[in-house]
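Peer 1: The structure is given below, and queries will be raised subsequently.
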Amino acid sequence: MTSRIQLRDDLRRFLSQNDRYIKRVLKGIAAFASFMIINSNFGYSSVLSSLWLPLAIAILCAFIPASALSLVVIVYLLIHLASLQADIAFVAALLFGVAYVFTNIYQGKIYYNVIGIPLGYHIRIPYVFPIQSALLGKANEVITVICGSVIAYYLKSVKEHAAQIIDNQSNISVSDILMAGMLSNTLFYVFMTAMIAAFLVTYVLRCSTISNAWILGSVAGVSVEFVILLAGYLILNRSSQILFLIFGNVIALIVAFVTNYLFFDLDYSRTEKVQFEDDDYYYYVTAVPKVKIEKEAKEIKKITEGNPSARNAKMNFAEEEGKDVKEVE
C-alpha cells in the first residue's frame with residue numbers, strides 16, 4: 001500500500017516538475033498517432049500518405065497550443081477526404097462545424113472528443129472517451145460525445161463505401177452514404193445510445209457520495225455500454241464484432257483505473273461527516289481525505305563547540321554513523 005502511494009506521489013511530482021516538456025512530447029505523439037490512423041484508414045491523398053510529412057507536421061504540433069491540435073488533425077483528415085470526393089469532405093467539414101457550434105453553445109471544454117472518438121473507433125477503443133470525459137469533465141461534455149459519435153459513424157460509412165465512390169461506374173452519392181450508413185442503420189442508434197449511456201452513468205456515479213465513486217462509476221459506465229452494444233450485435237447478427245467490443249472495453253477500464261490512481265485516490269476508511277449551520281441553512285458535509293504518506297519529521301541535533309559535552313556528542317554521533325572517532329576529532 002505504502003509503495004503504491006509513494007509511486008503515485010513520485011509520478012505526480014515528476015509530471016509537475018516536467019509539465020512543459022511532457023505536454024510537448026504527448027502532443028507530438030498524439031498528433032503522429034492520429035495521422036497514422038488517418039493514413040491507414042483514409043489514405044486517399046498520395047501526398048500525405050508518406051511517413052516523413054506526417055512526422056514533420058507532428059513535430060510542429062508539439063509546439064502549438066493544445067486547443068489547436070484538434071484543428072490540425074481535422075484539416076489533415078479533410079484533405080484525405082477531399083482527395084476521395086469533394087462532397088464527402090464538404091459534409092465532413094459541415095459536421096465538424098456543427099460540432100464546434102454546439103460545443104461552444106453548451107460550453108464543452110473537451111473538444112478533442114469530436115475527432116478522438118472517430119479515430120478511436122477505427123482502432124476499436126472509442127469507449128475510452130466518454131468514460132474519461134465523465135470522470136474529468138462536467139455534464140455538458142455529453143455534447144462532445146454525441147458529436148464525436150455521429151462523426152465516427154459518418155467516417156465509418158465513408159470507409160465502407162469508398163470502393164464504390166472510387167468506381168467511376170457507381171452513382172453513389174453522399175446522401176446515399178448518410179442514409180445507408182447512418183439514418184437507416186439500426187446499429188448507429190445502438191452505438192449512440194451506448195456512448196451516451198456510458199457517459200451519463202459514469203458521471204452520475206462519479207458525482208455521488210458513495211465510497212469509491214470513480215471506480216464504481218467507471219465499471220458501471222463500461223458495463224452499461226457493453227450490455228447495450230452486445231445486445232445490439234447479437235440481435236443484428238454482428239457477432240464478429242463482439243471480440244473487438246471486449247478489447248475496447250478492457251482498454252477503457254484500464255485507462256479509467258489509471259486516471260483514478262493518478263487524480264482521485266481517496267481513503268474512504270477515514271471518511272468524516274460534518275454538520276454546521278448558519279442563519280439560513282443547515283449543512284451536512286462528507287469529507288473524504290486523500291491518500292498520502294505523511295512525511296517523517298527529522299530531528300536535528302545541534303552541537304555547540306563551547307559546550308563541555310560537545311566532544312562526547314560528536315563521538316556518539318560518529319558511532320551512530322559508523323565513522324572513526326579520530327576522523328571526527
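The values are calculated or read from the model by the stated rules, or taken from the named source; none is laboratory data. Just so it is clear, the structure is predicted and the values come from calculations on it, not from any experiment. Because the Cβ atoms are built from the backbone with ideal geometry, glycine has one as well, and the counts that use them run over all protein chains shown. Accessible surface is based on the protein model in full, side chains and every heavy atom, while ligands, DNA and RNA are left aside. Shrake-Rupley method; radii C 1.70, N 1.55, O 1.52, S 1.80 Å.
Peer 1: Rolling a 1.4 angstrom probe over the protein heavy atoms, how many square angstrom per residue are accessible across the range 199-248?
Peer 2: Per residue, the range 199-248 has 53 Å² of solvent-accessible surface.
Peer 1: Still on this model: As a test question: what accessible area, to the nearest 10 Å², does V274 have when a 1.4 Å probe is rolled over all protein chains in place?
Peer 2: We get 60 Å² for V274.
Peer 1: State the volume of the convex hull built on the alpha-carbon positions of the range 1-122, expressed per residue in Å³ and rounded to an integer.
Peer 2: Residue-normalised Cα hull volume stands at 137 Å³.
Peer 1: Rounded to two decimals, what is the ratio between the C-alpha radius of gyration of the range 64-168 and 2.2 N^0.38 Å?
Peer 2: Rg over 2.2 N^0.38 Å, computed on Cα atoms: 1.08.
Peer 1: Let me ask something additional. Just the C-alpha atoms of the range 107-165: what Rg/Rh do they give, with Rh taken as the Kirkwood radius?
Peer 2: Here Rg/Rh amounts to 1.06.
Peer 1: Compute the Rg/Rh shape ratio of the range 178-255: radius of gyration over Kirkwood radius, all on alpha-carbon atoms.
Peer 2: That ratio is 1.05, to two decimals.
Peer 1: Let's test the formula: R0 of 41 Å, r as the Cβ-Cβ distance of Q107 and F247. What FRET efficiency results, to the nearest 0.05?
Peer 2: Rounded to the nearest 0.05, the efficiency is 0.75.
Peer 1: For the range 49-152, what does the relative contact order come out to in percent, with C-alpha contacts under 8 Å and a separation of six or more?
Peer 2: Reported relative contact order: 26 percent.
Peer 1: Same structure, new question: Just how far, in whole angstrom, is the range 215-259 from the range 14-64 if you go by their alpha carbon centroids?
Peer 2: The two parts, judged by their Cα centres, are 28 Å apart.
Peer 1: Can you give the Rg and Dmax of the range 136-210 based on its C-alpha atoms, in angstrom?
Peer 2: Gyration radius and largest Cα-Cα distance of the range 136-210: 16.7, 61 Å.
Peer 1: Put a dot 7 Å past each Cα toward the Cβ at S49 and R4; how far apart are the dots in nm?
Peer 2: Each label point lies 7 Å from its Cα, and together they span 4.9 nm.
Peer 1: So if R0 is 56 Å, what FRET efficiency would D19 and N237 give, r being the distance between their Cβ atoms, rounded to the nearest 0.05?
Peer 2: Once rounded, the FRET efficiency stands at 0.70.
Peer 1: Still on this structure: Simple spin-label model, 7 Å along Cα-to-Cβ: F276 to A33 in nm?
Peer 2: A separation of 4.4 nm, rounded to one decimal place.
Peer 1: List, in the order given, every pair from K23/K273; K109/K273; K27/K138; K23/K138 whose Cα-Cα distance in the structure shown is over 29 Å.
Peer 2: Over 29 Å Cα-Cα: K23/K273; K109/K273.
Peer 1: What's the FRET efficiency of I166 with L71 using the Cβ-Cβ distance as r and R₀ = 35 Å, to the nearest 0.05?
Peer 2: Working from the Cβ atoms, E equals 0.80.
Peer 1: Quick one: the Cα spread of the range 159-292 along its three principal axes, in angstroms, biggest first?
Peer 2: The Cα atoms of the range 159-292 stretch 76, 36, 27 Å along their principal axes.
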